[in-house]
Amino acid sequence: LLVCCHLHVIPNSLFPNDEISTIDSTLVKYFNGNLNNLTLGQVYTYDTTTLLSSYYEPLEKPFSTFQTLSNSGLAHKKIGFHYHTSIGFNTKSEAFDSYIRDSRNIIFPIIYQPFTEIKYMMGDKKEQHLEVLFSREFLPNLFITLNYDIDFSPGVYKRSKMQNSFFDGSLRYNTKNNRYGVSGYYYNNKIDIQENGGIKYDSIFVNNIETDRSVIDVNLTNATNLIKISGFAVDQYFNILGTQTEKKQDSTYKKRKIDIGRINHHFEYQRNRYVYEDSNPLSYFYNNYDPVIDSTKTFDSIYFHNIKNVIHWNTLGYKKHNNDIPFYLSFGLEHNFTYHAGYLDLNTNERINKQNMSNLRANAGIIINLFKSTRITGNAQLITNGYHAGDFFIDGQWKQFLGTYTKNLGALKFDVNLNRQSADWVEEHYYSNNFRWHNDFNPSTALLLQGSYELPFLEIGIEQSNISNYIYFGTDAKPAQHSGTISVSSLYTTFDVKFRKFEFIGFASLQATNNKDIIHIPTFQGKIKLAYNINLVKNISMMQPSITINYFTEYYADAYMPALRTFYLQNEIKVGNFPYIDLCVTFKIKRANIFVQYTNMYSLTGDNRYITTPHYPMRDSRFCFGVNWRLYK
């Protein structure tokens, strides 16, 4: 790939004091989470490759696939087995997780000059996606980043319109001597979508009886979902001992051999609101569920307030690392408080089941690097009292390089995760116009094991998951618990290969389970994107034609219940066993990537089986256009 680069000397305020001061000024790296991750060297390169520039949606990832509805920005679920490990009060909506940005995925760019990146995509039927990312150093050691993203698509099928938006602003600052550092961020998500419950008769689509998708009847004609999630956080650290340079003038000065570490504090607030509305609650779509309470209108509203306070100590000091810290240890306490506003009683119009929930957690972490070839990491957390007391998770990794960190024949990696987690709030108690339940489930325990062989361009591995008291949503769209142990095995590979002018990236996975009644997964799934680079003007422009193929074997994919924003088991309709093929041509002109893409070529065959979620056909073949453009200064 051709990249225009400029080399110059960077001010000390921008650059870590243990790195070389002459660098690529157009390089943008970033870290997530808190400032400790920057010190630990958990830093990633912000991707600008031409190969991935046409992945304009959050679900278009090279190493995973999703079952989706009939438009972008709507509910989704990973194809294949995915066990969510979380202890305490879980306020996430898993079906929209990829479109919600919060503390997990807000980035802190490491930049050497101001930059702005613009991403824009336009598709047929007025579909548009726009994202603007801006970052710069406003004052010495004070970095501010702003990110705005808005997506709009009216959809091809009735009542499938979406308009999602996201904004976040973040800052980080450290004193000149790096003894104190602080970072903070604010984020706001809004997901505003129409819900159509899928098409009424799949045969209309499968047999291509009606080619005008906009007139095909759907199950819901007046339903909407609104999700609002916003919050802010402040994270800070303080190195207990002063810098050694401050003491060198002292005649009694001796070089410090031991650093007693730093104290960290993290405060976070989040507000979640979920609203499901339907002006026709007597629709036949709800006939198989609980009797309707309010026959005139469904208005199911839920909201939470969450506050988190964490204080911990770790062995970090002033030295920055590159994922090679010899020894790291941390201990801390975390207090979580959640106010659940309860459910709106549709008879009295009052809130019921209001709850104040809190818990106290102890946490610890460790990193050990030995002989420049062995890396051991571990984390543990235990809820000592309060809500879900006794729940815990322990995860660890042993990574053995076949050689040293820098010169090796790859690495062997072994991961283990052991956890005990009680049922989520939505699995225990729920009250709405169409669904009501009260459950007393046992906590689930899970042992997740993974082993793999890694090269810079390839990973081959195996995963094993064993879960007892597994909780799932059954065919009645209500939570249920399996009393035995469920086992899921997976053999997988991921690859990102560049050979001369060729590039290809993707994954493949084989999966099996001992309980096919509860775990519905395809036996095989895979995705590959193959590209060829053609130089047009040396060091200025290039062209890259590419093809992406996505495939999974036939299986009973989960159905979707919009009133619960949840996927659930179904045993009537199989989906899969078709290739989803996209063709793309990308032009790289200096720092801009411009692409034209033709999606879902398989639909041209007339074999209308391209459905990933029952009753929700994927979009037909279409053209879309996009540009990723990075600007400096």
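The values are calculated or read from the model by the stated rules, or taken from the named source; none is laboratory data. Note that the structure is a prediction, hence the values are computed from the model and not measured. Here Cβ is always computed from backbone atoms with ideal geometry, including for glycine, and neighbour counts include all displayed protein chains. To get the accessible areas, we keep the full protein, side chains included, count just its heavy atoms, and leave off ligands, DNA and RNA. Shrake-Rupley method; radii C 1.70, N 1.55, O 1.52, S 1.80 Å.
Brief remarks on what is shown
- Sequentially through the stretch 481-493, phi angles give Karplus couplings (6.51, -1.76, 1.60; θ = phi - 60°) of 10, 8, 7, x, 10, 9, 10, 10, 10, 8, 10, 9, 8 Hz, Gly and Pro residues having no value and appearing as x.
- Distance between modelled label sites at VAL292 and ASN514, nm, 7 Å Cα→Cβ extension: 4.5
- Note on PHE499 and LYS319: with the Förster distance fixed at 41 Å, the Cβ-Cβ geometry gives a FRET efficiency of about 0.60.
- Nearby aspartates and glutamates by direct alpha-carbon distance to LYS297 (threshold 14 angstrom, same-chain neighbours under 8 apart not counted): GLU277, ASP278, ASP345
- Label-to-label distance for LEU583 and GLN464 is 4.6 nm, based on points extended 7 Å past Cα in the beta-carbon direction.
- Extension gain for HIS335-SER483 works out to 50.1 nm (0.36 nm per residue, less the C-alpha to C-alpha distance).
- In the chain, a dipole from Cβ-located charges (positive for Lys and Arg, negative for Asp and Glu) runs towards its positive end, and of ASN288, PHE267, ASN600 it is PHE267 whose Cα lies farthest in that direction.
- Ellipsoid semi-axes for the stretch 488-633, based on the Cα gyration tensor and the rule √(5λ), read 35, 19, 15 Å when sorted largest first.
- Solvent-accessible surface of the chain, averaged per residue with a 1.4 angstrom probe and all protein chains in place: 46 square angstrom.
- Convex hull volume of the stretch 83-210 per residue (C-alpha atoms, cubic angstrom): 171
- Inter-centroid distance (Cα atoms) of the stretch 310-344 relative to the stretch 617-633, Å: 38
- Backbone N within the stretch 161-191 under 19 Å of label point (7 Å from ILE307 Cα along the Cβ vector): 185-187
- Taking the charge dipole of the stretch 164-210 about its Cα centre, with +1 at Lys and Arg Cβ atoms and -1 at Asp and Glu Cβ atoms, the residue from VAL182, PHE167, ILE199 reaching farthest to the positive side is VAL182.
- Centre-to-centre, using Cα atoms only, the stretch 497-565 and the stretch 171-232 are separated by 22 Å.
- Size of charge dipole - the stretch 258-405 - debye, nearest 20, with Cβ of Lys, Arg +1 and Asp, Glu -1, no other charges: 880
- Stretchable slack from LYS29 to LYS372, in nm (0.36 nm times residue separation minus alpha-carbon distance): 121.0 nm
- Calculated P(r) of the stretch 422-539 - Cα pairs past 25 Å, %: 48
- Shown here are the Rg and Dmax of the Cα trace of the stretch 54-130, at 15.6, 43 Å.
- ³J(HN,Hα), Karplus 6.51/-1.76/1.60, whole Hz, each residue of the stretch 130-137, x for Gly, Pro: 9, 9, 10, 10, 10, 8, 6, 8
- The stretch between PHE299 and PHE63 holds 81.2 nm of extra length on full extension. This uses 0.36 nm per residue minus the Cα-Cα distance.
- Local electrostatic count at PRO614 - Lys and Arg +1, Asp and Glu -1, tallied over other residues with Cβ under 14 Å: 0
- Amide N of the stretch 325-365 lying under 17 Å from the label point, which is placed 7 angstrom from the Cα of HIS438 along Cα→Cβ: 342-348, 351-355
- Alpha-carbon centroid distance for the pair the stretch 467-486 / the stretch 140-155, whole angstrom: 39
- Long pairs among LYS78/LYS158; LYS158/LYS574; LYS399/LYS501; LYS92/LYS200; LYS529/LYS590; LYS61/LYS399, criterion Cα-Cα beyond 27 Å: LYS399/LYS501; LYS92/LYS200
- Total formal charge among the other residues, if their Cβ is under 10 angstrom from that of LYS77, Lys/Arg +1 and Asp/Glu -1: -2
- Charging the Cβ of each Asp and Glu at -1 and of each Lys and Arg at +1, and nothing else, the dipole of the stretch 317-383 about its Cα centre rounds to 400 debye.
- Theoretical ellipticity at 222 nm over the chain - DSSP helices of four or more residues, -39500 (n - 2.57) apiece, nearest 500: -500 deg cm²/dmol
- Label zone (TRP629, point 7 Å along Cα-to-C-beta; backbone nitrogen cut-off 11 Å) within the stretch 552-586: none.
- Each residue, ASN349 and ASP202, gets one label point 7 Å from its Cα in the Cβ direction; the gap between the two is 4.3 nm.
- If R0 is taken as 25 Å, the Cβ-Cβ distance between THR523 and PHE457 corresponds to a FRET efficiency of 0.40.
- The accessible surface of the chain, taken with every protein chain in place and a 1.4 Å probe, is 57 percent carbon and sulfur.
- For the stretch 586-593, 3J(HN,Hα) per residue [Karplus equation, 6.51 cos²θ - 1.76 cosθ + 1.60, θ = phi - 60°, Hz, x = Gly/Pro]: 10, 10, 9, 10, 6, 9, 10, 10
- Longest to shortest principal axis, alpha-carbon extents of the chain, angstrom: 86, 64, 45
- FRET efficiency, 1/(1 + (r/R0)^6) with R0 30 Å, evaluated for ARG104 and LEU282 via beta carbons: 0.15
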